[in-house]
Amino acid sequence: MIALDTTDRRILRLLAADATLSASAIGRRLGLSQPAAWRRIRKLHESGAIKGQRLDLDHEKLGFGVTVFLGVKLATKGRVSLEDFERAVTAIPEVQTVEHILGLYDYRLRVVARDIADFERVLRRRIMTLPGLGNVEANVLLSEERRPGPIG
Amino acid sequence: MLDDIDRRILRQYQHAPHLGPADLAERTGLTPATCARRLDRLRSGGIIRANRAVIDWRALGYEVEVSLRVALDKTDPRAFDEFIAEARNVPEVIEIQTFLGRVDLRLSVIARDMAHYQELYRSAILSLPHIADIEALMHVARIKSDEGLPL
């Protein structure tokens, strides 16, 4: 486990809001020299505390007005391998995330579509034809808020 | 409005957000100046909202991630607002989503281990207002998580 001090946490918080901030910009905000800030940023990357970057895009402005979460239960466990299902589902471009879940169903999929008609097309042509698919529960996303998490 | 060049930039950039303008220009076959100008316009137009560092909570010692699916008591018109306002005060809640469907809300909660999760659940989650029903799903694995758009 990686131990962070208060300064590391503040840097992490700044980078989680804007990963393109330079070491000197971060240093200025936190009262660190540019080299000191740079060393800490590099340590956060190298230790694996930061696992990558994510572009936060306005889906609506790009024409993707609908996000649906599908809870999927596999019908024929044993006959269809989880690998086959996972390979097929991750290849669908409209499926943004696939999570293996323990509880009510087996997988949760995040699906984007242009509108409800487009979602129906994705559901019928791509999702319903997946190998081993059983019950599907759909919940349409209305709002979403990502929180900074326990690094305050 | 977006044209094919914008889409080409976004297609590359969303799968490699660590790229600087020069590398992005090379991948998209544009001059660095054109690429930088296009990126500026995508940002000022609010299409690119941010480029965020992704924190690895597991590496920071948060081994457990639980999805809590919540149904609210909707006889109170303030149920959603009050529930969300209180949920924001729990630092371990990293995502709040609202839905149209069988589920009203979903919280993503992280915890150091199962004992920590139990404690959070009892002290911080169950005390949130207007809960009618709550259901916990454990995350086992993320199989796909790039969140790219089919542009």
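Computed from the coordinates by the stated procedures, all read-outs in this text should not be read as laboratory data. For clarity, every value in this text was computed on a predicted model and none was experimentally measured. Cβ coordinates were reconstructed from backbone atoms using ideal geometry, including for glycine residues, and neighbour counts include every protein chain displayed.
Taking the stretch B:93-146 and the strands (runs of 3 or more DSSP E) fully enclosed by it, the elements with 1 or more residues that are without any contact (Cβ under 8 Å) to a residue 12 or more places away in the chain are at B:93-100, B:131-144. Residues that are closer than 26 Å to A:Ala138 by Cβ and away from every other protein chain (no Cβ under 11 Å): does the stretch B:118-129 have at least one? Within the stretch B:118-129 (the criterion being closer than 26 Å to A:Ala138 by Cβ and away from every other protein chain (no Cβ under 11 Å)), the answer is yes, since at least one residue qualifies. Looking across the stretch B:8-24, the residues that are assigned to a helix (DSSP H, G or I) and either within 9 Å of chain A (Cβ to nearest Cβ) or under 25 Å from A:Ile50 (Cα atoms) (or both) come down to B:Ile9, B:Leu10, B:Arg11, B:Gln12, B:Tyr13, B:Gln14, B:His15, B:Pro21, B:Ala22, B:Asp23, B:Leu24. For A:Pro150, the conditions (1) in contact (Cβ under 8 Å) with a residue 12 or more places away in the chain; (2) out of contact with any Ser or Thr (no Cβ under 8 Å at 6 or more places or on another chain); (3) within 7 Å of chain B (Cβ to nearest Cβ) are fulfilled apart from (1).
Checking each residue in the stretch B:34-49 for being facing chain A (nearest Cβ under 7 Å) and either surrounded by 15 or more Cβ atoms within 10 Å (Cβ to Cβ) or in a helix (DSSP H, G or I) (or both) picks out B:Ile47, B:Ile48. Of all residues in the stretch B:88-109, exactly one satisfies the criterion of being crowded, with 21+ Cβ neighbours inside 10 Å, more than 7 Å from chain A (Cβ to nearest Cβ) and over 14 Å from B:Leu72 (Cα atoms), namely B:Val109.
Which one is farthest from the other protein chains (Cβ to nearest Cβ), of the residues in the stretch A:102-147 that are part of a strand (DSSP E or B), β-branched (Val, Ile, Thr) and crowded, with 19+ Cβ neighbours inside 10 Å? Out of the qualifying residues, it is A:Val111.
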